Amino acid sequence: MHDVLALMLVACHPVLSPKACVALTLCVVGGLASEWIARAFLVPVSMVQARIARAKKTIAVAGVPFELPPVGERRERLGGLLSVLCVIFAEGSTATAGDHLLRSDLAYEAIRLARVLAALLPDEPEVHGLLALFELTAACFPARTGRGGEAVLLEDQDRRLWDRSAIRRGLAAIGRALAVGRGLGPYGLQAAIAACHASASSVRETDWERVVLLFEALGRVAPSPVVELNRAVAVVMASGLRRALSVVDELVASGRLSGSYLLPSVRGELLVRLGRTAEARVELELAARLCRNVRERSVLLCKAAALA
């Protein structure tokens with residue numbers, strides 16, 4: 001058991017780049033072939049093989065020992081490992097580019113690794129929080145795409161297709177995180193937000209006030225423009241459009257999400273609801289140009305075309 005944990009922490013050592021950590025973790029911990037990793041991330045096999053080879057050489061040159069780090073370093077190194085698992089799962093749950101919305105094999109590998117880590121570190125609340133986030137997010141996979149692979153938005157999903165076993169596992173993992181007694185960290189708070197969605201019978205019936213509060217807490221412990229953007233979406237449902245638009249406009253002015261399709265996508269949706277259709281179409285068309293995933297881009301273009 002200790003050897004597995006040591007291997008995980010070595011594969012995510014700070015001397016390595018994030019992309020190298022991802023490739024090495026999937027290879028040496030997950031036991032996956034370079035061809036599988038390359039296919040999952042839509043990169044050449046030679047690139048994956050080069051990353052793995054460089055990572056191994058870097059670890060050797062740096063003299064990184066194959067052993068558990070001292071207790072003082074362990075939590076810092078654990079944070080890096082959780083980030084790597086999060087990157088793997090995020091690419092699986094919404095592919096950055098390509099013709100498929102989901103790369104579920106990649107997401108489920110991240111879940112498997114998170115389960116292993118939770119068994120190895122039962123007293124680390126953020127490990128359970130991350131596992132809960134993965135389980136609750138993956139529970140929606142069966143409803144997130146239509147028969148032709150097209151993206152299905154949350155409000156249009158058939159919740160009867162959601163994986164109830166995964167939801168139960170996710171809620172249980174949140175319970176284990178809370179039982180440790182140190183409160184929820186960033187991953188645990190994100191899992192709690194996912195639990196609000198998973199426990200609701202519809203978008204309308206979701207406890208949006210609680211979602212806003214959880215995003216505010218998340219913004220205090222792990223501030224980021226993406227958290228602010230997601231909080232704005234929750235504010236729409238809980239408090240109304242104009243307050244949310246002001247939050248989004250502040251993000252636009254800050255330039256912190258420049259180049260991301262998410263910001264014009266959300267702003268376009270808000271403008272649609274406010275009846276400012278010409279402005280909304282411009283934002284949705286911009287979001288489509290910035291979006292590299294074919295399925296998500298198609299949804300954005302359809303929305304923009306409907307405003308013509």
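How high is the relative contact order of the stretch 129-185, given as a whole-number percent (alpha carbon pairs under 8 Å, six or more residues apart)? Intermediate results must be reported in sequence, preceding the final value.
Values: 57 pairs, mean separation 26.0, N = 57.
Taking the mean separation of contacting Cα pairs over the length of the stretch 129-185, I get 46 percent.
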* Asked: Helix 262-273 versus the longest principal axis of the chain: what angle, 0 to 90°, nearest 10, using Cα atoms?
  -> 20
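Order Lys19, Lys303, most accessible first, counting only protein heavy atoms with a 1.4 angstrom probe. Show your work: numbers first, answer last.
Values: Lys19 130, Lys303 60 Å².
Correct descending sequence by accessible area is Lys19, Lys303.
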* Surface per residue (accessible, 1.4 Å probe) for the chain, Å² -> 49
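Rank-order 38-46, 147-155, 202-210, 223-231 by packing density, defined as the average count of other C-beta atoms within 10 Å over each peptide's residues, highest first. Can you show the working numbers first?
On the way: 38-46: 15.4, 147-155: 11.8, 202-210: 13.9, 223-231: 17.3.
The most tightly packed comes first, giving 223-231, 38-46, 202-210, 147-155.
Quick check for me: using +1 on Lys/Arg Cβ and -1 on Asp/Glu Cβ, what's the dipole size of the chain about its Cα centre, in debye to the nearest 20? If you can, show how the numbers build up before the last one.
Working: 37 positive and 30 negative charges, 51 e Å.
That gives a dipole near 240 debye.
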* Farthest positive-ward along the chain dipole, Cα basis, beta-carbon charges - from Pro186, Ser46, Ser224 -> Ser46
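Accessible area of the chain with a 1.4 Å probe: how many percent of it is carbon plus sulfur?
Within the chain, the accessible surface is 56 percent carbon and sulfur.
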* To do: Calculate, in whole percent, how much of the Cα-Cα pair population of the stretch 103-190 lies beyond 23 Å.
  => 27
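Output the relative contact order of the stretch 45-160, whole-number percent, from Cα pairs under 8 angstrom with separation of 6+ residues.
17
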* **For the chain, calculated [θ]222 nm from helices alone, where every DSSP H run of n ≥ 4 adds -39500 (n - 2.57)** => -22000 deg cm²/dmol
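Nearest 20 debye, what's the magnitude of the dipole of the stretch 155-241 about its Cα centre given +1 on Lys and Arg Cβ and -1 on Asp and Glu Cβ?
Details: 11 positive and 9 negative charges, 91 e Å.
Roughly 440 debye, rounded to the nearest 20.
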* Asked: Here are some values of percent of Cα pairs over 31 Å apart: (i) 61; (ii) 34; (iii) 49. Which one was computed from this structure?
  -> (ii)
* Return the ratio Rg/(2.2 N^0.38 Å) for the stretch 87-152, where Rg is computed over Cα atoms only. => 1.21
* In degrees, nearest ten, helix 45-62 long axis to first principal axis of the chain (Cα) -> 50
* Choose one answer from Val29, Val48, Val71: the residue with the largest mean-square fluctuation in a GNM of the chain with alpha-carbon springs under 10 Å. => Val71
* To do: Report the convex hull volume per residue for the stretch 136-257, counting only C-alpha atoms, in Å³.
  => 113
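Under 11 Å from the Cβ of Ala177, count the other residues' Cβ atoms, weight Lys and Arg +1, Asp and Glu -1, and hand me the total.
That works out to -1.
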* To do: Give me the angle, in degrees from 0 to 90, between the Cα long axis of helix 208-221 and the longest principal axis of the Cα atoms of the chain, rounded to the nearest 10.
  => 50
* Asked: Considering the dipole of the chain built from charges on the beta carbon (Lys and Arg +1, Asp and Glu -1) around the Cα centre, which of Ser260, Val15, Leu245 is farthest to its positive end?
  -> Ser260
* To do: Run the dipole for the stretch 21-174 about the Cα centre, Lys and Arg Cβ at +1, Asp and Glu Cβ at -1, nothing else charged, and hand back the magnitude in debye, nearest 20.
  => 280
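Got the relative contact order for the chain handy, in percent, Cα pairs under 8 Å and 6 or more residues apart? Each step should come with its number before you reach the end.
Working: 441 pairs, mean separation 39.0, N = 308.
Reported relative contact order: 13 percent.
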* Structure fact -> Among Cys291, Ala306, Val236, the residue whose Cα sits farthest towards the positive end of the charge dipole of the stretch 157-308 (+1 at Cβ of Lys and Arg, -1 at Cβ of Asp and Glu, taken about the Cα centre) is Cys291
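The values are calculated or read from the model by the stated rules, or taken from the named source; none is laboratory data. Computed from a predicted model, the values in this text were never measured in an experiment. No Cβ is skipped: glycine too gets one built from the backbone with ideal geometry, and neighbour counts run over all protein chains shown. Surface areas here come from the heavy atoms of the whole protein model, side chains and all, with no ligands, DNA or RNA. Shrake-Rupley method; radii C 1.70, N 1.55, O 1.52, S 1.80 Å.
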